[in-house]
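The values are calculated or read from the model by the stated rules, or taken from the named source; none is laboratory data. Fair warning: this is a prediction, and the values are worked out from it, not measured in the lab. Glycine gets a Cβ as well: all are built from the backbone with ideal geometry, and neighbour counts include every protein chain shown.
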Amino acid sequence: MTQTDRDRLVALRKAKKKVITQREAAEELKLSVRQVKRLLYAMKKGGDQAVIHGLRGARSNRRIEEKIRQKAVRILSGEEYRGFGPTLASEYLASTDGITVSRETVRKWMTEAGLWKAGEQKVERIHEWRPRRSRFGELVQWDTSEHDWLEGRGEKMYLIAMIDDASSRAMARFVGSDSTAANMGVLELWLRCHGRMIGCYTDKAGIFQTAHKTKREEQRQGKDREPLPPTQIGRALGELNITWTAAHSPQAKGRIERFFETAQDRLVKGMRLSGAKTMEEANAYLEKHYLTWWNKTLAVTPRNEDDAHRALEKHHDLAAILSHVESRQVKNDYTIQFDGKTYGIERADIGAGLRGAAVRVERRRDGAVAIRFRDKYLRCQLCEGAKPVGSCSKPATAGGSRKAAKAVGKSEWMKDFLQKPGPSLRQAIAISNATS
């Protein structure tokens, strides 16, 4: 009998002895008068035990069968469920094994079986909260995560992700390296799916920002840094009229950081259960299962229903924009040097002003090379017979041949000259007089 039951018994005894009325007892116990009458009648028949509920200590009719609990614990004890928390474990038990129980029930089972131990909650310094943007596509956070995604079952992979700041809708892909081409590939997926966002929010990695190099003397003198050309991604964003903003700390782009934190837990364990061992299998699971769950469960509705994305126009050739672009000068023989190779422009595309002009050279992500002069693309051919740049030798000259001969060794035309027998002085004078 609890303290509440004992206090209730004292009030009922007073009402039974008519020390207080039944209405006063009902007001004290916060019960109805009818309920007080029932309790008094039960005390008359069964004694003081009437204040205790009849179902107390009895087995619940909704109790889960013991064999189901044992099956769930046996499944969760397997190696493939290593590291699962109660929330994720309850979801996979329902979707994979057909055991539908609440998260707290799974937490209780795992705690009793020694599979889960709650960690201590530490109060950390909270970063200043920044409100979400109001429209979908107004700001997209963009970053890359390096992690052992396949847990040693396959090759090393990087996860490049983009997440909308207003709605938390995400798009991601596994790639082999965190390169400019790989990031451009993910950007192209977003552009073709949603359109051109207003702005991108990234860190200060070298693929997004050109590093400034200032001499120590210039730093002391307070000279301004010379503007550096943009990176390939910076140039592409500029051609698409997309604003780029750099984050000064990981907390500033916390939305994409939390996306990676969740992926490093749920995505890794999901791929473990699916048996993914290659990048193709990992991307298939990522697109079909994980991103579908994320955008359906964790995405929110923006404050403003307007979509801030802008459609791709006809002049937005993504294959040309999302490529490696450099400028080259056309030589007098209508050839250009690019990437250590010589490309010749076809005769049909040669026009006025082309010789000595600057052209735009694009190395597409599929390996093709395109040359554009003003608004027209020029057909070109790779000069197979041309020597690589920097390996051509200068033609030999007379002076060059003499220097080359000297470099070989000292001339031997006077060797043993003084040792050969010759005429005497009298004979030499006689020969000279005879020939003169």
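Taking segment 275-365 as the region of interest, the helices (runs of 4 or more DSSP H) fully inside it that hold 1 or more residues being closer than 21 Å to E138 by Cα are 291-297, 318-321.
Per the conditions (1) within 30 Å of S274 (Cβ to Cβ); (2) free of Cβ contacts under 8 Å to residues at least 12 places away in the same chain; (3) in contact with a Ser or Thr (Cβ under 9 Å, 6 or more places away or on another chain); (4) not charged (D, E, K, R), the sole criterion not satisfied by A26 is (1).
Before we move on, is A358 under 30 Å from L267 (Cα atoms) and among the small types (G, A, S)?
For A358, the condition - under 30 Å from L267 (Cα atoms) and among the small types (G, A, S) - is not met.
Does V19 satisfy the condition of being surrounded by 12 or more Cβ atoms within 10 Å (Cβ to Cβ) and not assigned by TED's automatic domain parsing to the domain that holds Y290? In short, no.
Taking segment 279-318 as the search range and keeping residues that are among the small types (G, A, S) and either out of contact with any Asp or Glu (no Cβ under 9 Å at 6 or more places or on another chain) or surrounded by fewer than 15 Cβ atoms within 10 Å (Cβ to Cβ) (or both), which one is nearest to E239 (Cα to Cα)?
A311
Is it true that S168 is of a type in the set (G, A, S), touching a Leu at 6+ places or on another chain (Cβ under 8 Å) and either assigned to a loop (DSSP other than H, G, I, E, B) or without any contact (Cβ under 8 Å) to a residue 24 or more places away in the chain (or both)? Criteria met by S168.
This table checks each residue for (1) surrounded by 15 or more Cβ atoms within 10 Å (Cβ to Cβ); (2) not charged (D, E, K, R).
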| position | (1), (2) |
| --- | --- |
| L237 | yes, yes |
| S249 | no, yes |
| E261 | no, no |
| R272 | yes, no |
| A276 | yes, yes |
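The sole residue among V300, V268 that is touching a residue at least 40 places away in the same chain (Cβ under 8 Å) and in contact with a His (Cβ under 8 Å, 6 or more places away or on another chain) is V268.
Scan segment 146-165 residue by residue and report those that are modelled with pLDDT under 95 and of a type in the set (G, A, S). Within segment 146-165, G152, G154 meet the criteria. Checked against (1) at pLDDT below 90; (2) in contact with an Asp or Glu (Cβ under 7 Å, 6 or more places away or on another chain); (3) of a type in the set (S, T, Y), S323 passes all but a single condition, namely (1).
Which of the following residues is free of Cβ contacts under 8 Å to residues at least 60 places away in the same chain, within 30 Å of V268 (Cα to Cα) and not assigned by TED's automatic domain parsing to the domain that holds D265: R13, R8, R59, R103?
Sole residue among the options that is free of Cβ contacts under 8 Å to residues at least 60 places away in the same chain, within 30 Å of V268 (Cα to Cα) and not assigned by TED's automatic domain parsing to the domain that holds D265: R103.
Residues of segment 129-164 being farther than 25 Å from V268 by Cβ and within 17 Å of the chain's Cα centre (by Cα), which ones? Across segment 129-164, the qualifying residue is only L139. Among the residues of segment 43-57, just one is under 58 Å from the mean Cα position of the chain (by Cα) and among the small types (G, A, S), namely G57. Taking (1) at pLDDT 85 or above; (2) surrounded by fewer than 12 Cβ atoms within 10 Å (Cβ to Cβ) in turn, G54 satisfies each apart from (1). Taking every residue in segment 65-79 that is among the small types (G, A, S) and pairing it with any residue that is surrounded by fewer than 16 Cβ atoms within 10 Å (Cβ to Cβ), at least 6 positions away or on another chain, the pairs with Cβ-Cβ distances below 8 Å are A72/D97; S77/A113.
Taking each residue of segment 112-127 that is closer than 19 Å to E79 by Cβ and looking for partners that are part of a loop (DSSP other than H, G, I, E, B) and at pLDDT 85 or above with beta-carbon atoms closer than 8 Å, six or more apart or interchain, yields A113/S77; L115/S77; W116/G85. In segment 171-188, what count of residues is obtained for those that are of a type outside the set (S, T, N, Q) and surrounded by fewer than 16 Cβ atoms within 10 Å (Cβ to Cβ)? Qualifying residue count, segment 171-188: 2. What do you reckon, is T144 crowded, with 19+ Cβ neighbours inside 10 Å and among the polar types (S, T, N, Q)? Considered against the rule, which asks whether it is crowded, with 19+ Cβ neighbours inside 10 Å and among the polar types (S, T, N, Q), T144 comes out as yes. Taking the stated definitions as given, is R328 outside the structural domain of L191 (by TED's automatic domain parsing) and closer than 30 Å to R379 by Cβ? It is true that R328 is outside the structural domain of L191 (by TED's automatic domain parsing) and closer than 30 Å to R379 by Cβ. Quick check on A368: is it farther than 21 Å from H315 by Cβ, loosely packed, with under 11 Cβ neighbours inside 10 Å and either among the β-branched types (V, I, T) or without any contact (Cβ under 8 Å) to a residue 60 or more places away in the chain (or both)? In short, no.
Is there any pair with a first residue in segment 42-56 that is touching a residue at least 60 places away in the same chain (Cβ under 8 Å) and under 19 Å from A26 (Cβ atoms) and a second that is surrounded by fewer than 10 Cβ atoms within 10 Å (Cβ to Cβ) and among the basic types (K, R) whose Cβ atoms are under 9 Å apart and which are 6 or more apart or on different chains, and what are they? Going by the 9 Å Cβ cut-off, there are no qualifying pairs.
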